[in-house]
Each structure stands twice: as structure tokens, then as C-alpha cells.
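No lab work stands behind these numbers, since they all come straight from the coordinates. Note that the structure is a prediction, hence the values are computed from the model and not measured. Reconstructed Cβ throughout: ideal geometry from the backbone, glycine too, with neighbour counts over all protein chains shown.
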Amino acid sequence: MVINTSNDITPKTTSQENYTLNTAASSAEKPSDKHTPTDSKDQVQLSQEALLFKHLQSKIQESTGIDSSRVEDIQQRIANGSYIINSENIAEKLIQQDS
């Protein structure tokens with residue numbers, strides 16, 4: 001079977017997402033067939049888990065890894081003087097990392 005990668009993959013909406021890949025049957029595959037080549041469709045069904053994985057993977061790739069709302073909150077607290085640094089907590093976390 002030959003897959004033409006220039007064809008479009010068109011998603012369908014069902015309970016499980018279907019992807020249809022259009023491929024044309026070549027005359028070299030069936031030399032004795034007198035009918036003209038017709039379009040055939042190969043289908044792949046992705047499970048809900050695979051779709052969730054695909055969605056989460058794209059979210060991770062889009063993410064910068066920085067919680068901008070938390071950064072803004074800390075910046076505001078530093079600016080207005082209400083940000084308190086707890087040196088005991090910092091020391092405990094440093095010790096935990098070493099062990």
C-alpha cells in the first residue's frame with residue numbers, strides 16, 4: 001500500500017475521533033483489474049486516552065512553565081512591601097533537597 005503524504009487528514013467528530021486518509025489505488029497494485037482506480041479510505045480510530053494524551057502534550061508544548069499570575073502576585077507584594085521571606089522554610093527546603 002502506498003500512502004500519499006500530500007493528501008489531507010480530515011478529522012470527523014464522533015465519540016471516538018476518526019481520521020480519514022485518502023489514498024488512490026494504483027494500477028500497479030492490481031494489474032488484472034479492468035476498473036479505473038477509485039479513491040479508497042483508510043481510517044484510524046484513536047481511543048479517548050490517546051486523544052487526551054495528544055491534547056495534554058500540545059498544552060505542555062504551548063506552556064512556558066511559568067505561572068504568570070503567581071509571578072505578578074509576588075511582584076506586587078514586593079513592590080508594596082508585604083512580601084515576607086521566611087528563612088526557616090528556605091533552609092528546611094534546602095536541607096530536604098540535599099537528602
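Label separation (S69 vs D42): 4.4 nm, computed from points 7 Å beyond Cα along the C-beta direction.
Here the alpha carbons of segment 40-99 define both size measures, Rg and Dmax, at 21.6, 69 Å.
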